[in-house]
Structures are given as structure tokens and as C-alpha cells.
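Okay, structure first, notes after.
The values are calculated or read from the model by the stated rules, or taken from the named source; none is laboratory data. Model, not experiment: these values are computed from the prediction. Neighbour counts are summed over all protein chains in view; Cβ atoms, including those assigned to glycine, are modelled from backbone coordinates with ideal geometry. Heads up: the accessible areas ignore ligands, DNA and RNA and are worked out on the full protein's heavy atoms, side chains in. Shrake-Rupley method; radii C 1.70, N 1.55, O 1.52, S 1.80 Å.
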Amino acid sequence: MRLHYSLDSLMPVDEEAPKQNIEIPAEVTEELPILSVRDTVLFPHAMMPITVGRPSSVSLVESLGENRLMGVVAQLDPRVDSPGPADLHDIGAVAFVHKVLKVPRDNLLLFCEGVARMRTRGFTTTEPFMKARIERIPENEPPSTPELDAVRDNVLSLFQQIVASSPNLSDDVANIAAEIPEPGKLADFIAGALPSLSPVERQRLLEQFDARARLDDIHKHLTRESELLELRGRIQSQVKGQLSQNQREFYLREQLKAIQKELGEGDESQRDIQDLREKVEAAGMSEEVRKETLKELDRLSRISPMSPEYGVTRTYLEWMVSLPWNVSSGAVVNVKHAAEILDEDHYDLEKVKDRILDYLSVLQLRPVLKGPILCFVGPPGVGKTSLGRSIARAVGRKFARISMGGMHDEAEIRGHRRTYIGALPGQIMQGLRRAGSNDPVFMLDEVDKLGRDFRGDPASALLEVLDPEQNNTFRDNYLDVPFDLSKVLFITTANVLDPVPDALRDRMEIIGLQGYTELEKVMIAFRYLIPRQTTANGLEADKDIHFSDEAVRFLINRYTREAGVRNLEREIGTICRKQARRIAEGTAGDATAVTPELVEKSLGAPRFRTEVEVAERTRRPGVAVGLAWTPVGGDILFIEAGRMPGGNKGLIMTGQLGPVMQESVQAALTWVRANAKTYGIDPDLFKTSDIHIHVPAGAIPKDGPSAGITMATALLSMLTERRVRPNLAMTGEITLTGQVLPIGGVKEKVLAAKRSGVREVILPFENEVNVREDLKSEQIGDVQLHYVKTMEEVVELALEKK
């Protein structure tokens, strides 16, 4: 027997006594007590148990008389313990209380039935509980239409499917829903019964007064819930199938072990461990490394093959036995043979070849020698990377190469620790494994393009690799054992040294590779580039195509202006492809010679006018030719000066000039103004005119002090109306007193001047030693070099007589 309490006296009442049919009054008073509830929404025509425990809510229930009507309104924020009128929604439901039960902790359990929607119009009192004037919202059921009936049937079908799939819903709920003909009541009933709806979604449905729209919203929620149930079922089936498959594989594997044991055959994993043990013994490891490897091997033998740790440990051991611990590729050094190979593969580069042959000579006399760390610095296309392969061939060693461009993770050098999933050794150890020897020629390409970020600094990781005093115990993070890198001949390449950190630069021997002269490019083209491109494009030399000396020089001067030969080879390849097409189409005939006319026909109009450009642009006063150093070699630079009378801006500088170059302009202008009377310039001219210095190619940033004398010459030429001599270029830093200071990049600048058709070059006197060391007489050719100490000498050489 269960007991419940009447509302009047909360006295026990026998539940098994005959129930009375309680009629809900048709008329509802304008004022009702308001029960605030958390995360609960009561719908009309729905039964719902509500637990109350607040003193105000208990007082409200105890005050109910025979009317037994109250308003049930949800809180806006369920975290508020003592809500007021401002903390409640405007829309709620009029509820009829059927039964009240006492539950533990002095709480009451109310069994309420929703009567109608309501809207609060104003609260009359808040103590001891809230009362408000309310307005009932009538239900307007839409007329029956075929479309509405179809939506109702679809909603019922989806709801029955969800009830059948959900263990928390009784089948009686679906049967009750099927007996409700009105769309609005059906939507309210399902909204109250569907457990997946959130309180916010239920409140939104309660506030939807249009029955048809409410049914459509319920349809959307049911469709979403049906798809989620289907997805859950599919995932559960997959997991169950996977577990069954794993159990089946385990059972079969255990059976296979038993069969192998009966047949006397060893376990496959044990055979693998035995093979690894034999490889460890034959690898030639040091005692420390061998001890650590055998320790890991013993650990592997105790791990189940089904364990994830088994694969990690086995991968580590395979790396250990595959590294060339005691394998060398170096043959007996023959310096004479090495010199022949270097000359065969590369033209010129005498300094580099001399340094390599010096090292090989010492290695021939003393075979045990720590390898030097060479750094080839030069513009693109001069043969830095290919020179590394040639060195490996000359010394009879394996060749390994990794590109450092864009590398920004320290682990790329030292490797990842084994605790990470998918960890591997760094690129150094991977390169040695690919090379298969512990003394290869190892090229670190583009070392000046290393990056750095929060994952570490690869340049700092290279400090240990490239230090002969430390790299004999190089420890990769993945292997965690020392490896001797002292036998490796490391070669790095870079276009510029500025981005390379000082500590790393200090560990390398810098060898510069400057650009090629026209004669050197012609020799390289005939010796290497033309044969390679002829073969690559399916042609036979001399039979299908033949390059004349004039055509190659025309190609170098008119279509390429570079320090290296990369673009030259590209253009030669284009000409070869054009010839291959003519042969394939049958229009070539007997024409196999490549002439300047054919070059122009194949490549279009010439891109550079080297022999006339300088003379044409210096035809007017105020234009001088300077020389600049760039990461891709040298280049010429035009400096233009102009004057505008009646201005008030003083000095104008354009052309993306850097701060150092702007200071050079200021110094040049100061010297010109200080010596204005000497050269017949009216001093008042500077007060009444604006002076404009412009360096064309404004999209390219420019900086450096080496254009100082060129700025001064352009200014003096403009103010005295004396032209600069044609085909003359200059470079040098200027001081306020007119002294000419030395500059860098002499070889690149002189070669750039020669490529551009310049016949005379003015250089600082102190750079004469650089010319003698870095430039051969055939490289200078017919270019006349003038060495100056003062600006007066520059003016005497550069400006034409009046």
C-alpha cells in the first residue's frame, strides 16, 4: 500500500481507495500562483512529476485549495536559487495538480497536468510566493489537409522508430501518440516525451503558438534524433565487429603457436629476434652501443607481438643494425686522378680545386684525418651543388645530400625522441644510412636559408654536427647512442653569409665562388651545357644541331645577364627543343647550324642591349653608372640627378634607397656644395633649386655606401652640364673631404661591368690588391681599370671636357 497526501491537510490517504474523476474548471481566474522551475518545461495536455523544495514553493503548494491550479514557468538561468519575476520566461503553462507526495529532505513531488499555455501580464505579489495576472493562450488547431496529414504521419513514424530504438521510452508512449488526432496536441505530447530535447528547445516549442509550425519543428528534431540513433548503431556494430575480429585473430595465432610447437618449428618472432641478434654482432658497433642495443633486444624478446611497444622497439633495432657503424667507402687517395676528375667535371674554380687537392694530399700522407668543413658561397648557377658530387667522385666516396632550405625544426637534425608516435632519426643519420658508409661526402645545401621558430633552431643543432672536436660523439635523440661523424667530409653551400649565425660560420672554411666571365661561359657551354641539352632533347651533336661560337656569345650577351650559367642552359635547351620540333615535323632540311639569326628566331627579341644601353642612358648630363653587388652576382646601377628651380624641398631621394645609401647621397651633396666654386657652380643655386636623386628600378630595395662617388659624379655632371664619358662605370665610398674609400665585391662588380659592355671602370686605390688576387687578365679582358684616391681624380676621369 502506498500513501499520498491531500492538498488540504497533507494527511495520508489510501491510494487504493476509489479514484474520483476531477473535472478541470472551464473558467480560470485571472490571478494564479506562479511556480518557478529549473530546466523543466510543462506542455499542455502532458503529465509531469515536479519536485519542489524551496520554502516559497512549499508554501505555494500548501496554499492550494480545491482550485488546484497554478502557473508553471521556467527560469531564464537555472543557477539562480531565489528567482524573481525578472528571472522567469514570459510564457509558461497553467497546471492542474493531481497529487502531492512527500519525499526525503522535506521535498514535495507534484504530479501536474498541463491545461493551457499562458502569458504573465504582471506580478501582484512575490512573498511568500509569487502570484501573477495571467492570460491563457487558446489553441488554434489548423484544418486538416493532405499535406498536414502527411507531416503528421511522418512525425508519428519517426517517433515510433525512436521509441523502438530507445530503451528509456515505453512502447505505450508511441501508442498514446498515435491516438492524438490534433497536430498541436501531438507536437506538445512528443516534445514532452522526447528525452533528447534540451530545455531551451522545449521552451522555444512552448512559445510557438502556431500548431503547424510547432509540428514542423518537432519533425526536424525527430529527423535529427533518428540520424543520430542510426549513426550510434553503425559505430557500435563496427566496434563489435572489430572486437570479434581481434578475438578471432588472437585465437588463430594461439592455435598456430601450438601447431608450430608440436611440429618443432620455432616461433616467428623468436626467429626475428635471432636474426636481429646476428646483425648486431656483425654491425661492428662500439662496446657501449652494442651493450645498449642488446639490452633493447632482450627487452623485445619479452614483449608480446600484439603489444604496440613491440613495433616501436623493433623499428629502433632495425635502425641500429642498418647504420654504417664500421663501413667505409673511401679508397686509396690518388691526388693526380682526383685533379683530372675535378677538371673534367668543372671548368675554372681554381681556388676550390686547390683547396680540395690540398686536403687530399694530406689525406694521402696521413689516412686518419678529421674532415674539414667547407662552405661554398656564391650566386646561383655557378656549380656549388654539382661540385660536391664531383668531389665525392674524386675521393672515391659515397655522396649524401640534404636541403636545409626552409628547415625550421631542430628535430630535423637531431631526430625525435622515441616517446613520440612515428618518431625517426634526424636527417643526418638518415643520410648516412642511405649512403651506406660512415665517411661519405655529405652536402648540406642552402644552409643560409635555415628557419627558426618555437620548435627550435636548426642552425644551433648544426653546431655540434659541424665541429670536428665534438662530432665524433654525435648523439641523435632517437638513437640515444654516440655516432662518430668525424670521418664525414661535410660541405655546405650558401648564396650569402649574412643569415648564417656567427658561431656556425666560425666552424666552416669559407670558399667563395664568383660569377663567370663571357669567355668562361662560352667554354662551359661547349664543354658541358650543349652536350647535355643535346642528349636530353634526343638530338645528335653535329648531325642534328651545331652551335657556332657567335651564336653562343650572342645568347650570353643578349639573353642572359647572370653570374652563373643556369639561365644559359635553359635557353640552350629551348633552342634544342625548337630544332627537335623542326626535325619531327620534317621542316629542318639540312639546316643544323645555330646562328645568331636562328637564336633570335627561336627566343624572340633580345632582352638586353649590353653594348648600347650604357652609352644611350649616359648621353645626357646628370646620369652616371654605378656598380652593385647582389646575392646573384654583380650588376650595374644608373644614378640620375635632376634640378628644379624655385623649389623649397631641398634634396629629394627616390628609388627605394636604404638608410646607408641615403647618407651617401647626403655626403656626396655636401662635397659638391663645398667644391662648387672650384667647378664653376653658383653657390646660390642650392638655395633656389630642389635637387632630385633617383635610382631606377624603384621596385628593388637598394642600400650600401659603394655608390658614393657615383652620386657625387651624377650631381656634378648635372650642375656643370658636363656629360659622363660613355661606357664608364665606377664604385667607391665617398667622405666629406672627397676621399675615396675601398668597397667589397670587386670581382662581381668588374664582371658585371664587362657583361654590360662597360669599357672603363673607376675603383678605389686600395682595391687594387683585390683585383690582382681575384681576377685574371682574361677575365678583365679589354676593360680598363682606373684606381683613384680622391674625388678630384674621379671627376677628371669621368666627366667630359666642356
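Note on exposure: VAL769, VAL740 ranked by accessible area (1.4 Å probe, complete protein assembly) read VAL769, VAL740, with the most exposed listed first. Checking the Cα-Cα distances for LYS449/LYS702; LYS279/LYS384; LYS102/LYS220 against a 27 Å cut-off, the pairs over it are LYS279/LYS384; LYS102/LYS220.
This model, with +1 at the C-beta of Lys and Arg and -1 at the C-beta of Asp and Glu, gives segment 554-703 a dipole about its Cα centre of some 180 debye.
Each Lys and Arg Cβ is given +1 and each Asp and Glu Cβ -1; about its Cα centre, the chain then shows a dipole of about 2520 debye. Taking the longest Cα principal axis of the chain as reference, the axis of helix 268-282 is set at about 30 degrees.
The string of couplings for segment 407-418 from the Karplus curve (6.51, -1.76, 1.60, θ = phi - 60°) is 6, 10, 10, 4, 5, 5, 8, 9, x, 9, 6, 5 Hz, one whole number per residue in order, with x for Gly and Pro. Helix 146-165 and the longest principal axis of the Cα set of the chain meet at an angle near 90°. For THR51, the amide hydrogen comes within under 5 Å of the amide hydrogens of LEU110, counting only partners 5 or more places away or on other chains and with H modelled in the peptide plane. Relative to the longest principal axis of the Cα atoms of the chain, the long axis of helix 659-674 lies at roughly 40 degrees.
Amide H contacts of LEU637 (H built 1.01 Å from N, in plane; Pro and chain starts excluded): GLY626, LEU627, ALA628 sit under 5 Å, all sequence-distant by 5 or more or on other chains. For a straight C-alpha distance cut-off of 18 angstrom, the lysines reachable from LYS677 (same-chain residues fewer than eight places away being disregarded) are LYS687, LYS801, LYS802. Here's how it looks for LEU76: its modeled amide H is under 5 Å from those of LEU88, HIS89, which are all 5 or more places away or on a different chain.
Under the combined filter of DSSP loop state and at most 11 neighbouring Cβ atoms within 10 Å, segment 665-745 retains none of its chymotrypsin sites (Phe, Trp or Tyr not before Pro).
Taking the 1.4 Å solvent-accessible surface of segment 397-491 as the whole, the part contributed by carbon and sulfur is 46%. Counting only helical runs of four or more DSSP H residues, what would the 222 nm mean residue ellipticity of the chain come to if each run contributes -39,500 (n - 2.57) and the total is spread over all its residues? Result for the chain: -13000 deg cm²/dmol, rounded to the nearest 500.
Among the GluC sites (Glu not before Pro) in segment 463-538, those placed in a DSSP loop whose Cβ has at most 10 other Cβ atoms within 10 Å are GLU469.
Candidate cross-link partners of LYS601 among the aspartates and glutamates, defined by an alpha-carbon separation under 19 Å and a same-chain spacing of 8 or more, comprise ASP544, ASP549, GLU550, GLU569, GLU571, GLU585, ASP590. Taking each of LYS487/LYS776; LYS543/LYS754; LYS353/LYS754; LYS487/LYS749; LYS353/LYS398 in turn, the alpha-carbon distance tops 29 angstrom for LYS487/LYS776; LYS543/LYS754; LYS487/LYS749. Converting phi to 3J(HN,Hα) with the Karplus coefficients 6.51, -1.76 and 1.60 and the offset θ = phi - 60°, segment 315-327 yields 4, 4, 5, 5, 5, 4, 7, 8, 7, x, 5, 9, 10 Hz in sequence order, with x at every glycine or proline.
Along segment 392-398 the Karplus relation, 6.51 cos²θ - 1.76 cosθ + 1.60 evaluated at θ = phi - 60°, assigns HN-Hα couplings of 4, 5, 5, 8, x, 10, 6 Hz to successive residues, with x for each Gly and Pro. Over all other residues within a Cβ to Cβ distance under 13 Å of LEU627, the charged ones net out to +1, with Lys and Arg as +1 and Asp and Glu as -1. Which of the trypsin sites (Lys or Arg not before Pro) found in segment 100-152 are loop residues per DSSP with 16 or fewer other Cβ atoms within 10 Å of their Cβ? Listed in order of number, the matching sites are ARG105.
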